[in-house]
Amino acid sequence: MKVLVVYCHPVAESFCAAMRDAALRGLARAGHETRLLDLYAENFDPRLSRAERIDYQDEVRNAASVADHVAHLEWAEGLVFVFPTWWYGLPAMLKGWFDRVWLPGVAFHMPESGKVIRPGMTHIRALAGITSCGSPWWWAKWVGEPHRRIIMRGLGALCRRGGTRVWMTLYEMDTVSAQKRERHLRRIEARMARFA
């Protein structure tokens, strides 16, 4: 399977980078072809510009400024997002990537009156979110995990129905032991080795 790994963290030495590497090792072990999109390393601009907003529904012009990112998305059969949970949600850069790249005509098709959008990413048959969170499990659940809903429900609804869905979180990131972190990395690698 062709898997696009979208990574979002500003610190090269972060635990998030270790999670990314574990995911890539697991995917390689399974023989998947991977591409890594490191949003901070390439200095991706998450801001939707005035011109992009005006052209948003114009399927001929809307992808012009992010054509390389759209090409990566269209190439993929699987998507793995690796990012930290900040304030119960997605880093702004990753949310901005969704705003600018998951466009009408690419990720979905605009609805007719009274209907909902139609999926445009049915070539994506596997979707994963890998993250870390400072809060305990019960608190994250109480808040409602908006980042999980966006990826698993919102983006997932645009992908192939019935495909693989994986969500992996290390809770209490700031206080867990080194052993628990290592266990989490091993779980990521093992799960990505079965990502299909």
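The values are calculated or read from the model by the stated rules, or taken from the named source; none is laboratory data. All figures in this text were calculated on a predicted structure; none of them were measured in a lab. Heavy atoms of the whole protein, side chains included, go into the accessibility calculation; ligands, DNA and RNA do not. Shrake-Rupley method; radii C 1.70, N 1.55, O 1.52, S 1.80 Å.
Keeping all protein chains in place, calculate the accessible area per residue for region 1-92 (probe 1.4 angstrom), answer in Å².
51
Once you have the Cα-Cα distance between residue 58 and residue 191, take 0.36 nm times their residue separation minus that, and quote the gain in nm to one decimal.
Result for the pair: 44.0 nm of gain on full extension.
For residue 74 and residue 165, compute 0.36 nm times the residue count separating them, minus their Cα-Cα distance, and round to one decimal in nm.
Net length gain for the segment: 30.9 nm.
Could you calculate, for the chain, the ratio of the Cα radius of gyration to the Kirkwood radius, expressed as Rg to Rh?
So for the chain, dividing Rg by the Kirkwood Rh gives 0.97.
Can you spot the lysines whose alpha carbon is less than 29 Å from residue 2's alpha carbon? Ignore those fewer than 8 places along the same chain.
Qualifying lysines at Cα under 29 Å: 95.
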